[in-house]
Structure formats: structure tokens, C-alpha cells
Amino acid sequence: MKKSTSSSKHNRKTPRKSPRNGRRPWFWRFVFRAGAIGLVLLAGWTVYLDAVITSRFEGRRFEVPSRVYARPLELYDGAGISASALERELGLSGFRKGDGSRAGTYQRSGGRFIISTRGFQFPDGKEPRRRLALTVYRDRVENFSVLSGDASPIVRLEPAQIGGIYPSHKEDRILVQLEEVPALLPTTLMAVEDRNFFDHVGIAPLSIARAMLANIRAGQIVQGGSTLTQQLVKNFFLTRDQTLVRKANEALMSLLLELHYEKGDILETYLNEVYLGQAGTRSINGFGLASQFYFGESLRDLQEHQIALLVGMVKGPSYYNPRRHPERATKRRNLVLSEMEEAGLIDSVRAAKAKGKPLGVSARPSYSENRYPAYIDLVRRHLARDYREEDLRSEGLRIFTTLNPAIQYAAEYAVTDTLGRLASGETREALEAAMVVTAKDSGEVLALVGGRDPQYAGFNRALDANRPIGSLIKPFIYLAALEQPERYTLITPVLDKSFTLEFDDGRRWQPKNYDKTERGEVPLHEALSHSYNLPAVRVGLDIGVDVVKDTLQAFGVTSSISEYPSMLLGSVTMNPVTVAQMYQGLATSGFNTPLRTIREVTDAGGEALSRYSLEVDQVADPAAVHLVQYAMQETMQEGTGKSAYYTVPEELTLAGKTGTTDDGRDSWFAGFSGDLLAVSWVGRDDNGPTSLTGASGALPVWSRFMAQVPQHSFSPVVPDGVQYQWVNAERQALTKEHCNGARMVPLISGSEPTQTVSCSGNLQRQIEGWFEGLFR
Amino acid sequence: MNTRFLIYSATAAAFLGLAGCASAPGESIYVPVGSSKAEAPEPPRASSKEDKPRVWRKSEQPEVSEPAPRSSSPSYRDAGDSLSPAAVSLIQEADTLLAQGDAPAAIARLERAQRIAPRSAEVYFKLSEAYVASNQLGTAEQFTLKGLSLAGSNARLQRSGWLLLADIRRARGNVAGADQAEARASRL
């Protein structure tokens with residue numbers, strides 16, 4: 001036990017005073033009482049410190065941030081990915097270019113890849129370490145094979161970490177257990193910091209004496225002489241200032257800690273606690289995270305020279321920062337290697353070889369903080385439905401999201417690259433944008449861009465910019481109409497002619513076309529693909545505003561929708577994510593598929609806490625949706641969306657819809673391919689006018705995105721009860737392929753025209769055709 | 001349980017010869033300009049022709065002449081995708097898990113399969129089967145409908161889909177709906 005300073009003073013005085021006077025009984029009584037009081041205080045203090053130690057050690061020792069992962073890349077024959085995207089993805093997941101045989105490295109020559117995975121514990125099972133070979137040819141994986149490890153036709157790479165949810169003190173760490181740490185790490189640590197760790201009782205008086213001597217010589221505190229236990233106590237419980245009282249507390253607590261806990265337990269806590277660097281406001285604690293942070297590798301894969309560097313850095317993580325001061329760091333590392341050799345941990349040959357190696361630190365941290373602020377924002381809002389903020393910040397949860405880094409990259413590029421070219425002058429400066437990309441058939445949100453600067457974690461327009469949707473509403477008006485095939489088909493003539501609506505309170509409303517012209521009767525499919533306003537309002541009023549509203553709600557719109565007729569021209573406001581939700585059902589033959597950003601959440605040990613499963617809900621007649629999809633494809637080929645093919649090659653078939661609001665305040669585009677659904681919005685934060693329309697603002701962003709991503713064309717399966725027929729819309733009759741005005745359109749059974757028109761223009765009742773059908 | 005048996009027999013029929021219909025991976029895929037060569041770097045940004053600054057038309061209804069009118073008409077097809085070997089292997093894993101009574105794990109496998117084969121009716125019928133096994137019949141019915149929407153002109157898939165639907169509806173007490181579905185199956 002360490003003596004208190006007050007009692008030692010008395011001890012020194014007593015021998016001097018005792019021979020001179022005879023007041024011994026009084027004196028001794030005083031000494032005894034003072035001593036007793038001192039002891040009681042000391043005992044009380046010790047009990048207090050003991051409680052401090054045990055309460056911290058018995059409870060949760062560390063607040064560990066939650067980790068947010070991108071979706072893992074699935075590799076198999078036929079997987080769609082470009083070679084450059086695969087290489088970028090490997091980089092994000094912490095792979096390094098190398099020989100392809102060490103775990104965490106890959107080798108590339110042309111389109112040929114050899115990849116050695118590290119293995120990963122997924123919520124649904126472990127993906128073991130494997131060595132893979134594959135070729136990327138024409139943006140597809142070919143010749144996929146497992147060279148070593150468990151054979152499988154499909155393998156998941158470890159997912160990229162895309163963010164974290166940090167405790168308020170901003171300490172970041174990856175907890176490690178002593179058993180999983182390479183044996184060389186603790187032995188090296190002891191050789192350098194505390195040779196007698198396994199023998200002392202928490203403090204090493206000899207070391208302290210040595211340090212004290214050095215301090216006296218230097219006239220200031222230059223040496224610690226602290227044991228690992230003392231260092232842990234200092235970091236864990238005490239302030240950083242070097243006072244005597246703190247020193248005394250440190251020693252006392254070290255003794256208590258050793259009394260209560262095993263050496264192994266103390267060592268493990270030390271390995272997880274020690275401060276090893278800084279990344280912005282976030283501190284890098286523990287060897288587990290430091291290994292990731294400096295080498296991009298898991299602790300178990302570190303080599304001797306890397307272990308030596310990390311152990312060397314304990315003395316001064318910023319002074320020996322290998323990225324900033326590589327020379328100092330190398331010197332320090334080599335000193336540690338000498339100590340390792342001296343302690344017999346490695347032989348002289350290996351030590352010399354290790355000293356000759358470069359530091360081997362990764363160029364930058366393997367993941368940067370908050371690389372995808374808008375996406376993480378949406379993830380956090382989804383998490384908030386089921387998790388408390390404080391648990392997210394401290395429980396070390398693992399959150400597996402649906403973010404696809406390659407798609408996110410393409411979306412960010414499309415926004416930043418296109419926005420600068422739209423409009424000019426002040427308007428250009430003020431232009432903002434947002435984009436949402438989802439997987440068409442699963443509703444997984446693959447990418448989210450919240451503004452023209454995707455790195456800026458501010459106003460998230462994809463979620464918080466609620467704007468009138470303009471003509472994006474039209475497919476839903478026509479869908480509601482086409483669900484009544486006895487009244488509406490794609491070739492039903494609709495009236496493109498102005499009219500005035502008078503309300504009960506005397507107000508009047510006179511909708512207009514965008515180009516102010518009127519065309520008289522036009523077939524329904526053309527009214528939609530060319531986005532004429534007057535027919536949309538007429539059809540909407542005919543089937544009822546309430547029916548259109550019900551349709552929107554069935555497709556997943558939960559925000560309030562006005563029943564004023566102006567809603568038929570899209571006065572209803574929505575954010576881009578809601579628009580994506582609503583269009584999901586159009587893209588998938590009427591199946592509403594809730595958007596998801598999270599697949600699973602597990603606790604720190606990998607135990608599943610929540611799964612967010614795929615859900616589908618049929619909300620519309622697939623036949624009617626198919627007809628709307630036809631007109632939305634026509635939009636891209638002949639209508640308001642055709643300028644997409646300035647950017648997108650013709651071979652990629654797409655479907656979509658433009659949206660514009662008054663004075664170009666909002667420019668929208670929503671559309672889909674076979675794989676992806678994307679919504680883009682361009683406008684100003686101050687809701688000011690622009691010179692843009694849906695076709696000239698949001699569409700260039702959208703098509704720029706689509707052009708970059710390998711994907712399948714949109715080609716829907718014809719649903720039951722729909723037949724494609726050659727028709728002449730003007731004559732409202734069936735016709736033959738090469739006749740004038742012939743157009744192949746899908747029709748719901750029973751809604752076909754009853755007449756045929758020959759190429760020469762003669763009408764006749766549809767009897768032959770009916771007979772043909774019977775015997776076909 | 002009688003219904004359960006019926007459902008299994010129907011789905012077993014649907015998946016008889018599942019491996020047989022596995023084909024070479026997928027149909028043609030769109031390859032972005034500049035990345036078709038295996039060793040191609042990032043798509044060039046300064047040089048490619050679509051990167052040139054362009055004057056975008058202000059009109060939302062551009063004239064027919066610009067750009068050149070497309071010759072193609074809206075696309076459609078008669079049936080969904082067949083399964084890739086990778087998807088087949090995940091479905092087989094799911095089958096094993098289902099046989100072991102671990103429906104949640106089977107669902108996780110099937111969702112992986114769905115992500116790589118989102119236009120195959122088979123995947124959705126399998127998901128339906130897994131939800132039947134975990135007694136979530138409403139969800140199962142929806143996945144059957146989704147599968148049917150992709151079965152197209154494939155009579156075998158149509159038939160097993162409608163039979164599956166009939167069984168699920170009957171188990172949910174929707175006798176009329178079940179009869180209707182059964183009638184559809186027998187017409188195929």
C-alpha cells in the first residue's frame with residue numbers, strides 16, 4: 001500500500017523531536033489520532049476509488065459507435081459491373097492492389113481480376129475467406145471461379161463502411177478480444193511499455209524511481225515510468241494533467257484494478273482504450289480501429305513492421321503520425337523493432353528485414369467520415385422509427401444499408417456535372433438539384449443526392465424540398481382512367497381544347513397548355529406522352545379528382561393531397577423520395593414496394609436485431625399499368641422525354657415522365673429502366689423562377705445518370721388480358737401493319753375497336769379478325 | 001395440415017426441374033460508352049461527344065425533328081427472365097433452410113436471389129412458399145401475384161402460380177378467390 005503524504009511528514013519529524021522533550025504521551029496521542037483520521041480518510045477515499053473502478057469496469061466499458069455499411073457487392077457470372085467500378089468498389093471496401101493472394105489484396109490485368117477476400121460476418125451467416133478469379137467483359141462478370149476456399153457460384157465481398165453514428169465524445173473504436181489479437185502485439189507492447197506487466201501489482205516502484213531520477217535531473221517531468229495498468233487508469237478515469245495528487249490516485253487505482261481483475265482483462269481493455277490518432281473531430285482509439293485507420297487492414301492480418309509502428313505510436317500518436325511525419329515514425333518503428341529483437345520476439349534477420357520495409361500506411365483512411373451525408377440522413381430517419389439515438393451512438397450496432405457506391409457515384413457525377421451547364425448567370429448559381437435512385441423491383445434506395453454539392457451535409461432536398469410535382473401526376477390520372485377499359489383505352493380520343501371551370505364561390509379556373517396551342521382531338525397515349533395539360537384535366541375531371549387522389553394514396557403517398565382540380569396539373573407538393581415511392585408501383589406493374597435503406601441491423605456481436613424485408617402489395621390492375629408504361633416509353637421515344645437520347649444510346653429502352661411548374665420553378669423527371677428507377681429535381685431553394693422545364697433541367701441530369709450505368713432495358717412482360725394490336729387511332733379501328741397511321745398498341749381484352757380499316761381506308765365490321773382470333 | 005400439403009405440392013410442381021431451366025446468365029445488358037473495353041478507365045469526361053455544352057430546348061414539347069426520330073417503338077416481352085446459376089444456387093440453399101424449418105434464413109437467401117434475378121417469376125413463388133411456411137399468408141399471396149405478373153406466356157409457371165394462389169386463398173378462407181384461381185389454372 002502506498003502511504004499518504006501527510007503521514008510521511010510526521011514520520012520524518014518524530015525521530016528529531018523525541019529525544020528533546022518528555023511530552024511523549026500527548027505527542028503520541030496526537031500522532032495516533034492524526035494517523036487514525038488519515039487512515040479513515042484514506043480508507044474512505046480508497047473505497048470511493050474502488051467504486052469508481054468497479055462501476056466502470058462492471059458496466060459497459062466503452063461507448064462504441066454504430067457502423068453503417070454499404071450493400072456488399074455480389075460477384076457471380078453475369079453480374080453487371082464495369083472493371084473500373086469494380087476496382088473502385090474494391091478500394092472502398094479496403095482492398096489494396098497487391099499480389100491477390102494476401103487477404104485484402106487484389107491483382108488486375110486488363111479485365112482479369114484475382115481477389116483475396118478477408119471474409120466477413122454477415123447477419124445471415126459468415127462469408128469465409130476466399131481467393132477469387134474473374135474477368136469483366138462488356139460490363140459483365142465472366143469466368144467467375146473460387147481458386148481457394150469454399151466453392152460457391154456467388155460470393156459477397158466485405159461491404160464498404162460508409163459512415164458511423166458516434167458518441168458525443170467522438171471516440172471511435174473497433175473492439176477486439178485478446179484471443180483474436182496477433183500474439184506479437186501484446187508481447188511487443190510489453191517489451192516497449194512495461195516489461196514486467198505480468199509480474200507487478202499495478203505499479204512498479206523501481207520504474208517510478210528511475211523515472212523520478214530522470215525527472216529531477218531534467219528539472220521537469222520527462223519520463224512516466226508508468227505500467228500499462230497505470231496508463232489505462234490514467235486514460236480511463238483521470239485527467240491528463242501531471243499533478244502529485246493525480247499521480248497518487250493513479251497508483252492507488254492501479255493497485256485496486258489489479259486486485260479486482262485479471263491481467264488479461266486489463267490488457268484487453270488497454271488495447272481497446274489507447275489513443276492512437278485523430279481524424280477530424282473523431283479520435284482513433286484502440287488497436288482494432290488504428291489498424292483499419294492506418295493500414296486499411298484487420299488487426300489479425302498485420303505484419304511485424306506494422307505492429308511495431310502501432311506500438312511505437314502509443315508514445316505520441318500525433319508526434320509519430322506516419323502520414324504526417326513518416327521519418328520520425330520510421331525511426332520510432334525501427335527502435336521498436338530493435339526492442340522486439342532484444343526481447344527475443346523476432347530474430348535479427350527478420351528484424352533487419354522489417355526495418356527495411358516502407359511504413360505501408362494506406363494513402364488515406366479507408367473510409368472518410370460522412371462521405372454520403374444525404375443518404376446517411378435518410379438511414380437515420382429510418383432507424384429513428386425503431387432505435388433510440390443514444391443506443392445508436394453507443395451500442396456498436398452494425399447497420400447494413402442498401403447504398404450502392406457505384407450508383408451513388410454515377411448519381412453524384414450526373415448532378416454536379418450537369419448542373420453547371422444548365423441555365424446561365426445568376427440562375428445557374430442559384431440552381432439546386434436532388435436525385436433518388438432505387439432498385440426497381442426491390443424498392444431498395446441505391447443512391448441519394450441532396451444538393452449540388454453532394455458532400456455538404458446541409459439541407460437535404462431529396463427529403464425536405466417539398467415542391468409541386470407538375471405533370472408527374474399525369475400517369476396517375478390516365479392510370480385511373482385506363483382502369484375503366486370500357487370507357488378509356490390508349491387510343492380513346494381526348495379533347496385538347498380550353499375550357500373554364502367556375503366554382504361555387506364564383507372563382508374561375510382556366511387551365512392552359514404549356515405551349516398555349518390547342519390540338520382538338522388527340523389519342524390518349526399521345527396526350528400523355530406529349531404531356532398536354534387540357535386533356536389531362538378533362539380526363540381527370542371526368543373520372544373524378546377523388547379517384548385520382550385515391551390512386552396516389554394507393555401508390556404510397558401519405559402526405560396530404562388537395563382535392564382542388566388544380567391538383568390535376570400537379571399543384572400537390574412532394575419531395576423527391578415520395579415521388580420515387582409513388583413511381584415504384586408504375587415501374588413494377590402496379591406493385592407498391594415500400595422504399596428501404598436498411599436490410600438488417602445487428603448488435604456488435606453480429607446477432608440480428610431487425611430485418612427489413614422486401615414487401616410487395618398489388619395496388620393497381622397490372623393490365624392498366626402496362627398501358628401507362630407504354631405511353632411512358634412513348635414519352636422517351638416521341639414525346640417530352642426524347643431529348644434523353646441526346647445522351648443515352650438508343651439501345652437502352654427507358655420509360656419516364658417530365659414535370660414542370662409555373663415559371664420553371666420546379667423541373668422534374670421520373671423514370672425507369674429494367675433495373676433502376678430514378679427521380680431528379682432541379683430548381684432554386686428560394687423557389688424563384690428559372691428558364692428550365694422538366695425536359696431541359698431535370699431530364700439532362702437523369703439521362704446523364706442513366707447513360708453511365710450498365711443495366712437492362714425496360715421491357716415489361718405483357719400481363720394477362722392484354723393484347724398488342726395494330727390500330728388506326730384516328731379511325732378508331734384495327735388495321736394492318738403497313739397501313740397508313742398504323743400503330744401497335746396494347747389493349748385490354750374487350751376494349752378493342754370493333755371495326756377494321758384496310759390500307760385503302762375502307763371500314764368494315766371486325767368479324768374476320770374475330771374469326772382469325774378463334775383459330776389462331 | 002391438408003392445405004399446407006397442397007401448397008407444398010403445388011410449389012414442388014413449380015420447381016420441379018428448376019435447375020433445368022437455369023440458363024446462361026441473363027439477356028443483353030446496356031454497356032455505357034467508354035467502358036466496353038475491359039481495360040477502359042473512367043468514362044472520359046472532356047472528350048466524349050455528349051459532354052459538349054449543349055443548348056437545351058426550353059420547350060417541354062420539342063419539335064419532332066430534334067433529335068432524329070427514333071425508329072423503335074415501346075418494348076414489351078412475353079415472359080420474365082430465367083434464373084442464372086447464381087440465383088439457382090441461392091434458391092437451393094433456401095430450400096435446404098426451409099426443409100430445416102428455418103424460414104427467416106430462407107427468406108434472407110431468397111431476397112438475395114431476388115436482387116440478382118428481380119424479373120424471374122420463380123423467385124417470387126419461392127418467397128411465397130417461405131412466407132407460407134412462416135404462416136404469413138397475406139404476404140405469401142402478394143408474392144404469388146408478383147410472380148404471376150412475370151410468368152407471361154410460360155404456361156408451366158402460370159399454372160403453378162395460379163394453383164399456389166388457390167391454395168393460399170383457400171387457407172385464408174377466401175373460397176371464391178381460390179375457386180377463381182383454380183379455374184385459371186385448369187384453363188392453361
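The values are calculated or read from the model by the stated rules, or taken from the named source; none is laboratory data. Just so we're clear, the structure is a prediction, and the values are computed from it rather than from any experiment. Note that we place each Cβ from the backbone using ideal geometry, even for glycine, and neighbour counts take in every protein chain shown.
Rundown of residues vs (1) on the phi > 0 side of the Ramachandran plot; (2) crowded, with 23+ Cβ neighbours inside 10 Å; (3) in contact with an Asp or Glu (Cβ under 7 Å, 6 or more places away or on another chain); (4) in a helix (DSSP H, G or I), yes/no style:
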| residue | (1), (2), (3), (4) |
| --- | --- |
| A:GLY639 | no, yes, no, no |
| A:ALA644 | no, yes, no, yes |
| A:ASP663 | yes, no, no, yes |
| A:PHE669 | no, yes, no, no |
| A:ASN687 | yes, no, no, no |
| A:GLY697 | no, yes, no, yes |
| A:PHE714 | no, yes, no, no |
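Within the range B:107-138, the set of residues being more than 10 Å from chain A (Cβ to nearest Cβ) and assigned to a helix (DSSP H, G or I) comprises B:GLU122, B:PHE125, B:LYS126, B:SER128, B:GLU129, B:ALA130, B:VAL132, B:ALA133, B:LEU137.
Residue-wise test of (1) at positive phi; (2) away from chain B (no Cβ under 12 Å); (3) modelled with pLDDT under 90.
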| site | (1), (2), (3) |
| --- | --- |
| A:SER703 | no, no, no |
| A:ALA729 | no, yes, no |
| A:ALA733 | no, yes, no |
| A:GLY741 | yes, yes, yes |
| A:LEU747 | no, yes, no |
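Okay, residues lined up against (1) in contact (Cβ under 8 Å) with a residue 24 or more places away in the chain; (2) buried (at least 16 other Cβ atoms within 10 Å of the Cβ); (3) assigned to a loop (DSSP other than H, G, I, E, B):
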residue: A:ARG118; (1), (2), (3): yes, yes, yes
residue: A:GLN121; (1), (2), (3): yes, no, no
residue: A:ARG129; (1), (2), (3): yes, no, yes
residue: A:PHE144; (1), (2), (3): yes, yes, no
residue: A:LEU147; (1), (2), (3): yes, no, no
residue: A:ALA151; (1), (2), (3): no, no, yes
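Given the condition within 7 Å of chain B (Cβ to nearest Cβ), in a helix (DSSP H, G or I) and over 30 Å from the mean Cα position of the chain (by Cα), answer yes or no: does some residue in the range A:623-631 qualify? Checked the range A:623-631: at least one residue is within 7 Å of chain B (Cβ to nearest Cβ), in a helix (DSSP H, G or I) and over 30 Å from the mean Cα position of the chain (by Cα).
Exactly one residue out of A:GLU390, A:GLU429, A:GLU342, A:GLU412 is under 30 Å from A:GLY98 (Cβ atoms) and out of contact with any Leu (no Cβ under 9 Å at 6 or more places or on another chain): that is A:GLU412.
If you go through the range A:596-609 one residue at a time, do you hit one that is more than 9 Å from chain B (Cβ to nearest Cβ), in contact with a Gly (Cβ under 9 Å, 6 or more places away or on another chain), under 29 Å from B:LEU165 (Cα atoms) and surrounded by 22 or more Cβ atoms within 10 Å (Cβ to Cβ)? No; the residues of the range A:596-609 include none that is more than 9 Å from chain B (Cβ to nearest Cβ), in contact with a Gly (Cβ under 9 Å, 6 or more places away or on another chain), under 29 Å from B:LEU165 (Cα atoms) and surrounded by 22 or more Cβ atoms within 10 Å (Cβ to Cβ).
So for the range A:582-590 (the condition being at pLDDT 95 or above, away from chain B (no Cβ under 14 Å) and closer than 13 Å to A:LEU472 by Cβ), does at least one residue qualify? Yes, because at least one residue in the range A:582-590 is at pLDDT 95 or above, away from chain B (no Cβ under 14 Å) and closer than 13 Å to A:LEU472 by Cβ. Being touching a helix residue (DSSP H, G or I) at 6+ places or on another chain (Cβ under 8 Å) and either in a loop (DSSP other than H, G, I, E, B) or more than 13 Å from chain B (Cβ to nearest Cβ) (or both) is the filter here; which residues of the range A:153-171 pass it? Of everything in the range A:153-171, those that are touching a helix residue (DSSP H, G or I) at 6+ places or on another chain (Cβ under 8 Å) and either in a loop (DSSP other than H, G, I, E, B) or more than 13 Å from chain B (Cβ to nearest Cβ) (or both) turn out to be A:PRO153, A:LEU157, A:ALA160, A:ILE162, A:GLY163, A:ILE165, A:TYR166, A:PRO167, A:SER168.
Would a scan of the range A:614-632 turn up a residue that is of a type in the set (Phe, Trp, Tyr) and touching a Pro at 6+ places or on another chain (Cβ under 7 Å)? Walk me through it before giving the result.
Initial filter on the range A:614-632 (of a type in the set (Phe, Trp, Tyr)): A:630.
Imposing the further condition that a residue be touching a Pro at 6+ places or on another chain (Cβ under 7 Å) reduces the set to A:630.
Yes.
Rundown of residues vs (1) in the same structural domain as A:ASP617 (by TED's automatic domain parsing); (2) closer than 29 Å to A:SER673 by Cα, yes/no style:
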position: A:ILE376; (1), (2): no, yes
position: A:ARG385; (1), (2): no, no
position: A:GLU389; (1), (2): no, no
position: A:LEU392; (1), (2): no, no
position: A:THR402; (1), (2): no, yes
position: A:ARG421; (1), (2): no, yes
position: A:LEU431; (1), (2): no, yes
position: A:GLU444; (1), (2): yes, yes
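Of the candidates A:LEU271, A:LEU289, the single residue that is at negative phi, in a helix (DSSP H, G or I) and in contact with a strand residue (DSSP E or B) (Cβ under 6 Å, 6 or more places away or on another chain) is A:LEU289.
Looking only at the range A:504-534, which residues are within 10 Å of chain B (Cβ to nearest Cβ) and closer than 14 Å to A:GLU638 by Cα? Result: A:HIS525, A:SER529, A:HIS530, A:SER531, A:TYR532. Hey, any hits in the range A:203-214 for a residue that's modelled with pLDDT of 85 or more and surrounded by 14 or more Cβ atoms within 10 Å (Cβ to Cβ)? Taking every residue of the range A:203-214 in turn, at least one turns out to be modelled with pLDDT of 85 or more and surrounded by 14 or more Cβ atoms within 10 Å (Cβ to Cβ). A:VAL679 falls short on exactly one of the conditions (1) part of a loop (DSSP other than H, G, I, E, B); (2) within 17 Å of A:ALA414 (Cα to Cα), and that condition is (1).
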